[in-house]
Amino acid sequence: MVERLLIDHVGHRGDGVSLTDGEALYVPYTLGGETVEAADIPGHPDRRKLLAVETPSPERITPFCPHFGVCGGCAIQHWQVDAYQAWKRNLVVETLRAAKVDCDVGALVDAHGAGRRRATFHARMGTHEVLWVGFSAANSHDIIPIDRCPILDPGLDGALEAAWALAEALKPTGKPLDIQATATNNGLDVDIRGSGPLPSPRITALSVVAEQHRLARLTRHGELVLMRNAPVISIGAAQVTLPPGSFLQATVAGEETLAKLVGERIGRAKHVADLFCGVGPFALRLASTARVTALDSDAAAVMSLQKASANTPGLKPIKAETRDLFRRPLMPQELRDFDAVVFDPPRQGAQAQAKQLAASKVPAVVAVSCNVTTFARDVRLLIDGGYRLETVMPVDQFRHTPHVELVARLVR
């Protein structure tokens, strides 16, 4: 059924929201005040497919990517920058208010920089044995074949071509391949997942493709296929060799911005705990002025941090250990010697660790998050434990999406 809808506002996921008879209907790629024509989506009673914009918003602009609206990577390219940034900051304001977390929210800091330095391409054999390589469609497992992506860092130049060639060598059927590419100082680092065990001829074919596309390293499920150069990134003064498929902040500017905000908020602390430390984007910078104890459940990431620390002159000691902070959070007695604690958990937050921090006497806690809902839950625990929340800084490294990073300082 085709409907004519008036869009009231843009919701938390970036979709336009139409309020019809008190019921919210979600229409992607629309803006507040627009009148649109939309159609039902089978199996999704509260969602509609945009057919046409009859009355456009004065804030509407032309998207810059030809795949926008089909590829599910970006939710918003059609909104003027100032309005988009105000909306994104307001996502933080509204979520914190709903959680009864009272604080100032700073201006949104743009940290897109040169673009995304890592991307995961999907590959599958489509109908009539036609290979598709690209990104997933919005709210779907369908693969949208693409020939370019304008939001990627120039360091990923050649990654899409390499992904097509690797997929051609594997000819995936059934479950799609995930081909994760990361831009490093030494070239592209690529990890393939979803292929299952491979016979020797396929491994040889992958090695040939890796050589042809001059990949720094190619791994399959983390296992080495070929390495021409160790994939290294710079973190402060350190050079860090990445584990296969390693997690990194999406953009170089995002990592640098978050690290700068964290460094400013630990002040003159001389002994800092960096929890959920990864390969050390905070620890390796903080160690220029403070002793650091760094903990993470990812043993390979911790090992990379240890090696980088040992090979970087001028740093104060970094004690890096593998520890599952969800199962074994640092207890108050283990936290007593720290002047400041930094924690940057995955999207699910750090509820178990926040409870122990709330019971500690650590003078300052710097909370970093990629999920405002779990951030609000965790800082609520700290506030209830006697901490005072200072200004929350929202950081936009995932431009064109509803995702936002946060950095905040809490003090006793």
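The values are calculated or read from the model by the stated rules, or taken from the named source; none is laboratory data. Model, not experiment: these values are computed from the prediction. Don't worry about glycine lacking a Cβ; one is built from the backbone with ideal geometry, like all the others, and counts go over all protein chains shown. Areas reflect the complete protein model, heavy atoms only, side chains present, ligands, DNA and RNA absent. Shrake-Rupley method; radii C 1.70, N 1.55, O 1.52, S 1.80 Å.
By the scheme Lys and Arg +1, Asp and Glu -1, what is the net charge of all other residues having a beta-carbon under 9 Å from that of LEU131? Charge balance in the 9 Å sphere: 0.
Within segment 347-367, find all residues whose amide N lies under 17 Å from a label point positioned 7 Å from the Cα of THR322 along Cα-to-beta-carbon. Flagged as within label range: none.
Just want to confirm a number: the relative contact order over segment 7-55, from Cα pairs under 8 angstrom separated by 6+ residues, in percent.
Rounded, it is 31 percent for segment 7-55.
Within segment 295-335, the trypsin sites (Lys or Arg not before Pro) that combine a DSSP coil assignment with at most 10 other C-beta atoms in a 10 angstrom radius are ARG327.
Listed by chain and number, the aspartates and glutamates placed with their C-alpha closer than 20 angstrom to that of LYS260 are ASP104, ASP110, ASP274, ASP339, ASP344, GLU390, ASP396, GLU405; residues fewer than eight positions away on the same chain are left out.
Entry note, the chain: relative contact order of 13 percent, from Cα contacts under 8 Å with a spacing of 6+ residues.
Length gained on full extension, ALA237 to ALA98, computed as 0.36 nm times the residue gap minus the Cα-Cα distance: 45.9 nm. Look at the alpha carbon pairs under 8 Å that are at least 6 residues apart: their mean separation over the length of segment 180-271 gives a relative contact order of 25 percent. Couplings 3J(HN,Hα) for segment 303-319, derived from phi with the Karplus relation 6.51 cos²θ - 1.76 cosθ + 1.60 (θ = phi - 60°), are 5, 4, 5, 4, 5, 5, 4, 5, 9, 10, x, x, 8, 6, x, 10, 9 Hz, where x marks Gly and Pro. 3J(HN,Hα) along segment 200-216, derived from phi through the Karplus expression 6.51 cos²θ - 1.76 cosθ + 1.60 where θ = phi - 60°, amounts to 3, x, 5, 4, 4, 4, 5, 4, 5, 4, 4, 5, 4, 9, 6, 6, 5 Hz, with x in place of Gly and Pro. At a probe radius of 1.4 angstrom, the accessible area of the chain per residue rounds to 45 square angstrom. In a fully extended conformation the segment linking ARG228 and ALA299 would gain 23.2 nm over its present Cα-Cα distance, using 0.36 nm per residue. Please turn the phi angles of segment 113-124 into ³J(HN,Hα) values with the Karplus equation 6.51 cos²θ - 1.76 cosθ + 1.60 (θ = phi - 60°), one per residue in order, whole Hz, x for glycine and proline. For segment 113-124, the Karplus curve yields x, 7, x, 5, 9, 9, 8, 10, 8, 10, 9, 7 Hz.
Amide H contacts for THR293 (H built 1.01 Å from N in the peptide plane; partners 5 or more residues away or on another chain; cut-off under 5 Å): VAL272, ALA273, ASP274, LYS319. Of the trypsin sites (Lys or Arg not before Pro) found in segment 151-252, no site is in coil according to DSSP while having at most 10 other Cβ atoms within 10 Å of its Cβ. For the chain, the share of accessible area belonging to carbon and sulfur comes to 52 percent (1.4 Å probe, ligands and nucleic acids excluded). Here's the list of aspartates and glutamates a cross-link from LYS175 could span, going by alpha-carbon distance under 16 Å and ignoring same-chain residues fewer than 8 apart: GLU129, ASP142. For segment 2-70, the list of chymotrypsin sites (Phe, Trp or Tyr not before Pro) that fall in a loop by DSSP and count at most 14 other C-beta atoms within 10 angstrom reads PHE64. Stretching THR120 away from ARG412 to a fully extended chain increases their span by 101.0 nm, per 0.36 nm per residue minus the current alpha-carbon distance.
With r defined as the distance between the Cβ atoms of ILE61 and GLN333 and R0 fixed at 51 Å, what FRET efficiency is calculated, to the nearest 0.05?
0.40
Could you tally the net charge around VAL240, taking each other residue with its Cβ under 15 Å from the Cβ of VAL240, Lys/Arg +1 and Asp/Glu -1? Net of charged neighbours comes to -1.
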